[in-house]
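Right, one structure below, let's go through it.
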Amino acid sequence: MASYYHDESYIYHNGNLVKAKDARIDLYSQTMHYGMGVFEGIRSYRQQDGSTAIFKATEHFERLRQSAAALHLPYHWTDEELIAATYQVLKRNDLQDAYIRPLLYAPSNMSFQPNSCSNIAIMAWEMQPFLGNQLLRVHISDIQRPNPQAFQMHAKAVGHYVNSIMASQQAKSRGYDEALLLDNSGHIAEGPGANFFLQIAGKLVTPAAGNILPGITRATVLELCEALDIQTEVRPISPAEIAGAESAFFCGTAAEIVGIASIDQHSFSMPWAQTPGARLQQAYKALVQGAPIYQLNEQSEIAETK
Ligand code: PMP
């Protein structure tokens with residue numbers, strides 16, 4: 001198991017920096033029993049000039065606010081306050097390249113009454129790309145993403161990850177690296193913790209919002225495609241389209257951009273290094289380290305001719 005903290009690690013907890021090993025949560029919290037909590041997954045990166053920057057900090061804390069609203073969890077923090085707290089956590093733990101996990105959890109509440117307050121913790125640790133650096137062998141799960149009429153799919157809610165973990169564990173138990181989940185209409189939705197892009201006839205296609213967590217990395221990839229003149233399409237994707245596709249990748253804050261070697265029996269024939277996904281992977285790396293987006297086209301062309 002990864003080591004998330006040690007005796008000298010600090011977290012932000014309800015307004016204070018406290019040692020991770022001394023922080024206490026309430027076992028009667030509604031989040032522990034029923035999954036009524038929301039969280040974020042954010043990364044900070046050491047910049048080319050040596051400073052530390054949280055990538056798309058405002059977008060992440062805005063999503064935390066929207067997730068809390070979707071679950072009717074009280075939210076009384078400003079983005080500025082939580083971003084400042086996150087930088088404090090990074091500094092106190094001497095972290096630059098870090099994965100940051102804000103968690104909003106409910107107070108003790110065994111009833112189904114609305115919560116009158118909530119708690120926040122912000123943790124950070126070093127974490128390699130969540131799905132590794134190798135091309136992935138992916139399995140279409142027979143566990144579907146939740147019905148959007150039953151869950152608030154745009155919210156990053158604690159309870160939703162029961163579905164993600166079940167699908168991921170099932171794929172691994174069958175000898176694959178990761179799962180790809182369909183939505184309840186049978187279209188491709190997303191990975192357990194990352195969004196999905198498929199290259200069809202040179203174009204990058206990704207499922208529309210509605211049945212997925214519309215990721216901040218997915219939005220960044222779409223922005224990068226604009227800058228790099230890569231054509232995109234946002235529309236429902238049928239699993240049958242995989243057979244005619246050239247390449248695919250997952251993207252997410254924790255996973256960053258990671259190529260897919262195969263989905264079930266279909267192996268992608270285009271070498272990963274020649275795919276738009278590989279170009280985006282390089283551009284994304286440069287962007288999170290502070291390169292201005294308008295320079296990326298130039299940079300990726302230089303990289304390609306090396
Ligand atoms: N889908 C799911 C289910 C996820 O857990 C994540 C990770 N937060 C993503 C997509 C990607 O979202 P983001 O790019 O905002 O990290």
Checklist outcome for this item: Here the relative contact order (percent) of the chain, from C-alpha pairs under 8 Å and at least 6 apart, is 17 percent
Next on the checklist: Explain nothing, just the number: relative contact order of the range 10-125, from Cα pairs under 8 Å at least 6 residues apart, as a whole percent.
Outcome noted: 38 percent
Checklist outcome for this item: Which of CYS225, CYS117, CYS251 fluctuates most in a GNM of the chain (C-alpha springs under 10 Å)? That residue is CYS117
Checklist entry - Taking a quarter of the surface of the Cα convex hull of the chain, what do you get in nm²? => result 16.3 nm²
Checklist entry - In whole Hz, what ³J(HN,Hα) sequence does the range 214-222 give by Karplus (6.51, -1.76, 1.60; θ = phi - 60°), x for Gly and Pro? => result x, x, 6, 5, 4, 5, 5, 4, 5
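Give, as a single signed number, the net charge of other residues whose beta carbon lies under 13 Å from the beta carbon of TYR284, with Lys and Arg counted +1 and Asp and Glu -1.
Values: positive: ARG43, LYS56, ARG218, ARG279, LYS285; negative: GLU223, GLU256.
That sum, taken over residues with Cβ under 13 Å, equals +3.
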Next on the checklist: Quick check: convex hull of the Cα atoms in the range 153-243, volume per residue, rounded to a whole Å³?
Outcome noted: 105 Å³
Checklist outcome for this item: Residue-ordered couplings for the range 24-33, obtained by feeding phi - 60° into the Karplus form 6.51 cos²θ - 1.76 cosθ + 1.60 and rounding to whole Hz (Gly and Pro as x), are 10, 10, 8, 5, 8, 4, 4, 5, 5, 8
Checklist entry - Taking the Cβ of HIS139 as the center, what net charge do the other residues with Cβ under 11 Å away carry, scoring Lys and Arg +1 and Asp and Glu -1? => result -1
Checklist outcome for this item: As straight-line cross-link partners of LYS19, the qualifying lysines (C-alpha separation under 22 Å, not fewer than 8 residues apart within one chain) are LYS91
Checklist entry - In the range 136-295, carbon and sulfur make up what percent of the accessible area (probe 1.4 Å)? => result 51 percent
Item to check | Cβ-based net charge around MET127, under 13 Å, with every Lys or Arg adding one and every Asp or Glu removing one | outcome: -1
Item to check | Accessible area expressed per residue, the chain, with surrounding protein chains retained (probe 1.4 Å, Å²) | outcome: 48 Å²
Checklist outcome for this item: Residues whose built amide H sits under 5 Å from the amide H of ILE140, excluding neighbours closer than 5 in sequence, are LEU180, ASP264
Item to check | Proximal aspartates and glutamates relative to LYS56, as straight alpha-carbon distance under 19 Å, when same-chain residues fewer than 8 apart are discounted | outcome: GLU40, ASP79, GLU80, GLU81, ASP97, GLU126, GLU223, GLU226, GLU256
Item to check | Nearest-20 debye value, the chain charge dipole, Cβ charges on Lys, Arg, Asp, Glu | outcome: 520 debye
Next on the checklist: Cross-link candidates for LYS21: which aspartates and glutamates have Cα within less than 16 Å, leaving aside residues fewer than 8 places away along the same chain?
Outcome noted: ASP7, GLU8
Checklist entry - Could you work out the helix-only [θ] at 222 nm for the chain, with each DSSP H run of four or more residues adding -39,500 (n - 2.57) and the total divided by the number of residues, to the nearest 500 deg cm²/dmol? => result -8000 deg cm²/dmol
Item to check | Alpha-carbon centroids, the range 74-143 and the range 211-289: separation in whole Å | outcome: 24 Å
Checklist entry - Whole-Hz Karplus ³J(HN,Hα) for the range 194-210, in order, using 6.51 cos²θ - 1.76 cosθ + 1.60 and θ = phi - 60°, x for Gly and Pro? => result 6, 8, 10, 10, 10, 8, 10, 6, x, 9, 8, 10, 9, x, 6, 5, x
Item to check | Cut-off under 5 Å, modelled amide H: who pairs with GLU190 long-range | outcome: LEU181
Checklist entry - Over the range 136-295, what is the mean sequence separation of C-alpha contacts under 8 Å (at least six apart), divided by residue count, expressed as relative contact order in percent? => result 23 percent
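The values are calculated or read from the model by the stated rules, or taken from the named source; none is laboratory data. The shown structure was predicted, so the numbers you read here are calculated from the model rather than taken from an experiment. Every residue, glycine among them, receives a Cβ derived from its backbone with ideal geometry; neighbour counts consider all protein chains shown. Just so you know, the surface numbers come from the protein's heavy atoms only, side chains and all, with ligands and any DNA or RNA stripped out. Shrake-Rupley method; radii C 1.70, N 1.55, O 1.52, S 1.80 Å.
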